[in-house]
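The values are calculated or read from the model by the stated rules, or taken from the named source; none is laboratory data. Bear in mind that the values here come from a model prediction, so they are computed numbers and not experimental data. Here the Cβ positions follow ideal geometry from the backbone for every residue, glycine too, while neighbour counts run over all protein chains shown. With ligands, DNA and RNA removed, areas are computed over all heavy atoms of the protein, side chains included. Shrake-Rupley method; radii C 1.70, N 1.55, O 1.52, S 1.80 Å.
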Amino acid sequence: MFKPPLRLNNTKAAFAAFLTALAILATVGWVEHAERERFEQQNRAKVLARLSTVRANLEKALNQRLFLSRGLVAYVSTVNPDLDQETFERLTQVIVAQQSGIRSIVLYKENTVSHIYPLVGNEAALGFSPMSIPEEREAIERSVQNRQTVVAGPVNIVGLTQISDVCPADTPRLQITPNSSQNQQSCLVEGGIAFIGRTPIFLTPPNEVAESGAYWGLAGIIIDQNTLFKEAGLLESNSDVKYAIRGKDGLGADGELFFGESQIFQQNPVLSYITLPNGSWQLAAIPQTGWLDDFPLLVWLRLGGSFTAILAGGLVFILVSAPARLKKAVERATIALIEREEALERANTDLQHLDQLKDEFLANTSHELRTPLNGIIGIAESLIDGATGELSDWTQSNLAMIVSSGRRLSSLVNDVLDFSKIRYSNIDLQLKPVDLYTITDLVITLSQPLIGKKNLQLINSINPESPAVQADENRLQQILHNLVGNAIKFTAEGQVEILAEKVDYLESGQEFLKIVISDTGIGISEDKFERIFESFEQAEGTTGREYGGTGLGLAITKQLVELQGGKIEVCSRLGEGSQFSFTLPIASEKLAQIIPENSVKSIFKSGQDKILNPRLNLQSKSQPVMASTPENGNDISVFIVDDEPINLQVLMNMLSLHHYTITQASNGEEALAILETGYKPDIILLDVMMPKMTGYEVTQKIRERFTTTEMPILLLTAKTQVQDIVTGLGFGANDYLNKPIAKDELLARMKTQINMCRLRAENLRLSAEVEVIKRLQKMVLPKDFELESIQNLEIASFIQPADEVGGDYYDVLQYDNHVKIGIGDVTGHGLESGLLMIMAQTAVRTLQESSETDPIKFMDILNRTLYGNIQRMSSSKNMTLALLEYTDKSLKLSGQHEEVILVHTDGEVERIDTVDLGFPIGLDADIAEFVAQQTIPLSSGDVVVLYTDGITEAENLEGDQYGLERLCEIIVKNHRHSAEKIKQAIVEDVWRYIGQQKVFDDMTVVVIKQK
């Protein structure tokens, strides 16, 4: 046979390896290209997000400050075009206080500086005309022509000039940017670089459209650049993005650079525009380290790709050039697989041995449990029978519970032992003829106590003449006990009937007796027929199943029937009942001895006193049990919910020694029904595994009415998995205890939960004190009959406190044909604000009763009184307060508060500023020099509206405020109506504007109308 030379094989292998490596490298190259594009897009998206935030912040900061000059423009245009420097400074002080970073505010009357704030240090700027600078002239002319604000800068400023030669020789000189050679140097006021916003002012002729008159001049505001840039986030030292801005004087991309490095605009930056009234700035951003060419995993991708290409090429070379090696490798793998299979078989054998040891240990342990159980049951029964003397009913009841619990545990031990014996075929059967009727009658008699209070009949319908069956008498009794016990457990009312009939099996030729146990219980769904005969299985296996048990009974019954030559079947429908039937062979021999009926009854008689004694029998409680000790050391009530009477008794015993008042319920539905009656315990001890409704579901229902602090719940269960604890707490439980319960731990945890609940009650008490202040606030307000008794005036008022106690105040006092009307607002909220409001009301009434009429003395005494109390309280509260004295169709106004709105009969609105009429009360010890008075003449039909800032600053869901303009509009719209209807219109409009938004501040409005 011809064999190719080795060199030819190696050449083919090398070529195949080369193609494989080349294909892998090509794939890596494609992945690298795609990943690079994705990385670049991701980086630009991050930079764009940061840039958008900076742009929005910068626009917001700039526009907020430019908007402040609109108030000054409106004042000059409408109110006083010939204002003096003092009035100008008072107005600008208010504007400057609104925002930081405002260097100066200027008025240019006829384009020449006429007013400037601050004046000190800037006197040389008065008379200066920015029209002398060509660049400024063009911007000003454009501003006047377009009637809009023009933003200039950034510039270095001295007062209002950019002319360096007006600066003294020793004045500090700065540049806008360190790298700019085009910026002229000039001196600065307070240092820094600024923007200048100039707004044209046009006068408002009487009864004409606003600002429709002649050109008056300009209002200028000088804004510090660093303040704007800091608020926008441009000056953050740890930022991972570099920014640059160009477009000086609003020229956009064509303007000069005034922030950052010019190289940024040449590095493919992310761009955005900042909109100005007269143009825009162009904002650019790149990463602090520049755009990265390589994504982070590039090196690893290349190394991995190269390594993979080399490895794959080598493997292909080996596969192509050395098939014999591959065959040998397969053989080695096959041998390793065989060895692993053998090791697995040995491990399975070991596991089976360990499983057998486990079962033996379980059987031995269960067997050893019988000795202490026998002692517990025997001693308890002997105590009940009076072995140590007569016991109280209460003690006998507790001992009966011990006997019942011991027998349940003994039955479980027997099931475990039988399960272990049957599994390994170690069970011994003593087969002999057995009288089925007699055994059935015995089982029915012994099962009577299981019925309890159920309306249920046990019927033995087996013919006494039925043939005997070949069976183990004890095991047959065990089979019947299991089946009859299950029937009783799952049947609430009706009957459980046992009957028998002969059947023939042709294949075996043997006769059998078929025993049927039928009931009228809950039934079993057809898909559960096979599962219920498996070990540890139940038809319903959830936590909230109505019936308990281990799931071993039917499994053992099936095995016992089959070991005796029969078989077991089930037939059932949900809601209609079940039929369990099993067969046993008919005995070929006659009975050796028939147990007479009276013998059966004598067997039962020996124990019936213990089982059926009503004092000792454990009965299910259909009504709540109330228990309390004679000595009530405290009034703590505990609600115990558990379906096990023994568990209820254990908890009763634990708590009775500590003087708790105890209420019991045996299931979740009963517990909820008791709570529905109005019963409210201090704490609930709730079992998790209960019939029909689990403790989790009960907790969920309770939490729909009561919070964790109103009614604490302590879950008690034998489940110890973390998931069970998490589930319970998730449904609203306060704490969790595992059974068996340690008494000291239970008492400690109960005490903790009850104390927490009482702490919350203390908090509610403090809240009630705050509510008292709210009521006091309403109590001192003028009543409707007082307002109606005032002649010549209609007065309507409204006050709505915020969620917290506020400090809004108003009062109307009538005396000697005079009416004094007051309105005020205390700073902040809470108890101190409410107290200050009440003190102010009391002081005003006291001064009024003392016939003090001089407004300056009145305000001064009132201020000193409140100031002294505020200092004693160590409080920082103060309040605005305006007082109006009415007589002979005129109001005398004094004190500082919100603007007073006056609407004349013809609908003309007059807003009266109170800034110069007083000073905040309680802020300073002496305010006499600040108090002044202004007279407001009234004509018939004139309307005066007083209000607090809770009205104008009320916010809707979008955060927009109601505003003074809207308030004026609604007053004008309704000014011809009565004071009450005007007030109602204002209130309805405010509520309609707020919508579902929370009320953050007290809202007060007082409407006064001249008759």
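For the condition at pLDDT below 85 and under 48 Å from the mean Cα position of the chain (by Cα), Gln93 does not qualify. Number of residues in region 931-976 that are crowded, with 16+ Cβ neighbours inside 10 Å and part of a loop (DSSP other than H, G, I, E, B) equals 8.
Conditions tested, residue by residue: (1) under 25 Å from Val826 (Cα atoms); (2) in the same structural domain as Phe798 (by the TED database); (3) more than 39 Å from the chain's Cα centre (by Cα); (4) of a type in the set (D, E, K, R).
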| site | (1), (2), (3), (4) |
| --- | --- |
| Ser978 | no, yes, yes, no |
| Glu988 | yes, yes, no, yes |
| Tyr993 | yes, yes, no, no |
| Gln996 | no, yes, no, no |
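Here Asn653 meets each of (1) more than 28 Å from the chain's Cα centre (by Cα); (2) within 30 Å of Ile522 (Cβ to Cβ); (3) not aromatic (Phe, Trp, Tyr) with one exception, condition (2).
Give Ser104, Ser114 a once-over and let me know the one that is part of a strand (DSSP E or B), modelled with pLDDT of 85 or more and more than 30 Å from Ala232 (Cβ to Cβ).
Checking each option against the conditions leaves just Ser114.
State whether the residues of region 853-865 include one that is closer than 30 Å to Gly995 by Cβ and β-branched (Val, Ile, Thr). No, region 853-865 has no match at all. Looking at region 901-917 only, could you name the residues that are in contact with a Phe, Trp or Tyr (Cβ under 9 Å, 6 or more places away or on another chain) and surrounded by 15 or more Cβ atoms within 10 Å (Cβ to Cβ)? Within region 901-917, Ile901, Leu917 qualify.
Taken over region 824-860, the criterion of being charged (D, E, K, R) and open to solvent by 70 Å² or more (accessible area, probe 1.4 Å) is satisfied by Glu832, Arg845, Glu849, Lys857. Restricting region 97-113 to residues that are in contact (Cβ under 8 Å) with a residue 12 or more places away in the chain and open to solvent by 40 Å² or more (accessible area, probe 1.4 Å) leaves a set whose member that is farthest from Trp216 (Cα to Cα) is Ser100.
When restricted to residues that are over 31 Å from the mean Cα position of the chain (by Cα) and without any contact (Cβ under 8 Å) to a residue 12 or more places away in the chain, region 951-967 contains 2. The residues of region 14-73 that are over 38 Å from the mean Cα position of the chain (by Cα) and among the β-branched types (Val, Ile, Thr), listed by number, are Thr20, Ile24, Thr27, Val28, Val31, Val73. The set of residues in region 788-806 being modelled with pLDDT under 85 and crowded, with 20+ Cβ neighbours inside 10 Å consists of Pro801, Val805, Gly806.
Summed over region 647-686, residues that are touching a residue at least 60 places away in the same chain (Cβ under 8 Å) and touching a Phe, Trp or Tyr at 6+ places or on another chain (Cβ under 6 Å) total 0. From the residues in region 229-240 that are surrounded by fewer than 21 Cβ atoms within 10 Å (Cβ to Cβ) and in contact with a Leu (Cβ under 9 Å, 6 or more places away or on another chain), which one is nearest to Ala49 (Cα to Cα)? Going through the qualifying residues, I end up with Gly233. May I ask you to list the residues in region 196-210 that are under 20 Å from Gln64 (Cβ atoms) and open to solvent by 10 Å² or more (accessible area, probe 1.4 Å)? The answer is Arg198, and nothing else. Just one of the numbered conditions (1) at pLDDT 85 or above; (2) touching a Phe, Trp or Tyr at 6+ places or on another chain (Cβ under 8 Å); (3) under 29 Å from Lys453 (Cβ atoms) is not true of Thr550: (1).
Among the residues of region 887-900, the ones that are within 19 Å of Tyr810 (Cβ to Cβ) and either open to solvent by 40 Å² or more (accessible area, probe 1.4 Å) or touching a helix residue (DSSP H, G or I) at 6+ places or on another chain (Cβ under 9 Å) (or both) come to 8 in all. Out of everything in region 472-499 that is surrounded by 20 or more Cβ atoms within 10 Å (Cβ to Cβ) and modelled with pLDDT of 90 or more, what residue ends up being farthest from Leu429 (Cα to Cα)? The selected residue is Val496. Scanning region 977-1011 for residues that are within 29 Å of Gly834 (Cα to Cα) and part of a loop (DSSP other than H, G, I, E, B) turns up Gly995, Gln996, Gln997, Lys998, Val999, Phe1000, Asp1001, Asp1002.
In this structure, does Gly213 turn out to be part of a strand (DSSP E or B) and either modelled with pLDDT under 90 or buried (at least 21 other Cβ atoms within 10 Å of the Cβ) (or both)?
Judged against the criteria, Gly213 is not a match.
Please work out if Gly314 is surrounded by 10 or more Cβ atoms within 10 Å (Cβ to Cβ) and at pLDDT 70 or above. In short, yes.
With respect to Met654, determine if the residue is assigned to a loop (DSSP other than H, G, I, E, B) and either modelled with pLDDT under 90 or in the same structural domain as Asn398 (by the TED database) (or both).
Working: assigned to a loop (DSSP other than H, G, I, E, B): no; either modelled with pLDDT under 90 or in the same structural domain as Asn398 (by the TED database) (or both): yes.
The answer is no for Met654.
Taking the residues in region 25-72 that are out of contact with any Pro (no Cβ under 8 Å at 6 or more places or on another chain) and among the β-branched types (Val, Ile, Thr) as candidates, determine which candidate is nearest to Gly233 (Cα to Cα). Only one residue fits best here, namely Val54. Scanning region 425-447 for residues being at pLDDT below 85 and either under 16 Å from Ala587 (Cβ atoms) or open to solvent by 80 Å² or more (accessible area, probe 1.4 Å) (or both) gives a total of 5.
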